Amino acid sequence: VDAAKLAGIPRGGFPRNIILIIGDGMGQGAINFASLHAHGAPGRLSFEQFPVRGLARTASADSRVTDSAASGTALACGRKTNNGMIGMTPDRKKCRSVAELARATGRAVGVMTSDQLTGATPAAFLAHVPSRKMAQEIAADMASSGVQALIGAGARPFLPEKSGGVRKDGRDLIAELHAAGYVQAVTPAALRQLPADRPVFGFVEDWSNPELLAGFATVLCDRLGRDPEGFFLMVEGCDPDRGGHSNDPDRSAHGVLSVDFLARAALDYALAHPDTLVVVTADHETGGISAAPNRENPRRPFIAYSAKGHTGNAVDIFAFGPGADRFRGVLENTDIPKIFAELFRFRLDQP
């Protein structure tokens with residue numbers, strides 16, 4: 001990726017499409033480590049070539065160290081909430097997300113993750129529950145959201161117990177999705193073959209291929225981009241968080257590089273469709289990672305973990321496309337969806 005070329009592309013105006021990429025737990029140390037591992041030098045990842053870079057603070061309403069539920073809600077709704085809460089304020093008032101408002105204003109919307117579809121980050125964009133543990137309720141909110149794409153892992157909260165699921169209310173949400181016109185795909189190739197005018201869902205249990213998120217995103221952008229009003233797409237890569245929690249260098253590198261493949265696919269779409277804004281960030285940092293070059297073997301950098309949980313460190317924001325300059329400087333994570341709303345010319349719920 002030619003950073004100088006990207007820097008020369010105009011960043012004014014308003015985007016028709018917004019692609020938000022969230023690397024779960026993807027802090028600055030993990031990014032540095034992945035670049036050293038993949039390229040033998042820092043600052044070489046695709047999204048690091050984006051012309052705009054900022055920082056986001058991540059504290060939740062009740063803790064300096066956020067969890068993914070509170071940070072997901074901040075990134076989706078522009079509101080700080082308590083750890084564990086999804087799409088709600090600390091006093092349990094529902095707050096509509098940028099994804100829900102994009103859908104309400106006629107845009108196509110997609111939510112995709114390599115984690116459980118009912119996981120905290122994707123849930124924050126479409127669900128409203130007091131606890132991230134309420135997977136059955138989250139699944140019901142997602143199934144009734146009316147968005148054009150739902151792709152992730154973990155079908156069991158969508159199925160009744162008699163069908164191998166965990167739902168105690170007997171509802172088969174997958175059957176309900178089919179009845180609502182959704183069609184299913186579990187590979188990018190299968191997704192490409194589906195009718196372009198049908199909403200889609202998919203439960204993909206094996207995300208070990210680091211290019212799989214990118215493959216799905218390429219097809220989803222083409223599908224969602226057919227909407228004359230434009231689209232909003234949120235994609236989460238979950239493995240940086242898992243690498244940080246387990247202090248596993250291989251998984252830390254794999255997780256960041258899968259996000260980088262994804263960012264490159266989004267960038268390619270944005271270069272072909274200049275009315276598209278791409279933003280890459282993280283919900284929080286995990287593992288307290290620091291990395292340093294290894295002169296004897298540049299592709300085997302040194303890495304140190306100082307924690308097995310989340311930290312309160314600020315996380316990077318990388319932006320390309322119309323409106324990208326709005327993401328410079330030090331922001332609160334809640335500022336990100338507020339800027340999206342302004343660029344889409346609607347208003348998020350206010351306190």
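Structure summary
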| read-out | value |
| --- | --- |
| Selected residue [touching a residue at least 24 places away in the same chain (Cβ under 8 Å) and not aromatic (Phe, Trp, Tyr)] from Ala272, Ala291, Ala304 | Ala291 |
| Close pairs (9 angstrom Cβ cut-off, 6 or more residues apart or separate chains): hydroxyl-bearing (Ser, Thr, Tyr) in segment 205-216, surrounded by 18 or more Cβ atoms within 10 Å (Cβ to Cβ) anywhere | Ser208/His254 |
| Test result for Arg198, of a type in the set (D, E, K, R) and under 22 Å from Glu100 (Cα atoms) | yes |
| Residue list for segment 180-195, filter: surrounded by 14 or more Cβ atoms within 10 Å (Cβ to Cβ), part of a loop (DSSP other than H, G, I, E, B) and not β-branched (Val, Ile, Thr) | Tyr182, Ala185, Leu194 |
| Scan of segment 297-327 for residues that are within 16 Å of Val279 (Cβ to Cβ) and exposed (fewer than 14 other Cβ atoms within 10 Å of the Cβ), ordered by number | Asp325 |
| Output for segment 74-86, where each listed residue is in contact (Cβ under 8 Å) with a residue 40 or more places away in the chain and either farther than 17 Å from Arg347 by Cβ or not in a loop (DSSP other than H, G, I, E, B) (or both) | Ala74, Leu75, Ala76, Cys77, Lys80, Gly84, Met85, Ile86 |
| Entirely in segment 93-179, the helices (runs of 4 or more DSSP H) that have 1 or more residues that are of a type outside the set (Ser, Thr, Tyr) and in contact (Cβ under 8 Å) with a residue 40 or more places away in the chain | 98-104, 120-126, 135-143 |
| Residue in segment 200-208 that is surrounded by 18 or more Cβ atoms within 10 Å (Cβ to Cβ) and in a helix (DSSP H, G or I) present | no |
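Rundown of residues vs (1) crowded, with 17+ Cβ neighbours inside 10 Å; (2) assigned to a loop (DSSP other than H, G, I, E, B), yes/no style:
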| position | (1), (2) |
| --- | --- |
| Arg11 | yes, yes |
| Pro15 | yes, yes |
| Leu20 | yes, no |
| Gly25 | yes, yes |
| Gly29 | yes, no |
| Phe33 | yes, no |
| His37 | yes, no |
| Gly43 | no, yes |
| Ala56 | yes, no |
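FYI, it's all coordinate maths here, none of it is from the lab. Owing to the predicted nature of the structure, the values given are computational and were not obtained by experimental measurement. In this analysis, Cβ positions are derived from the backbone assuming ideal geometry, glycine residues included, and neighbour counts consider all displayed protein chains.
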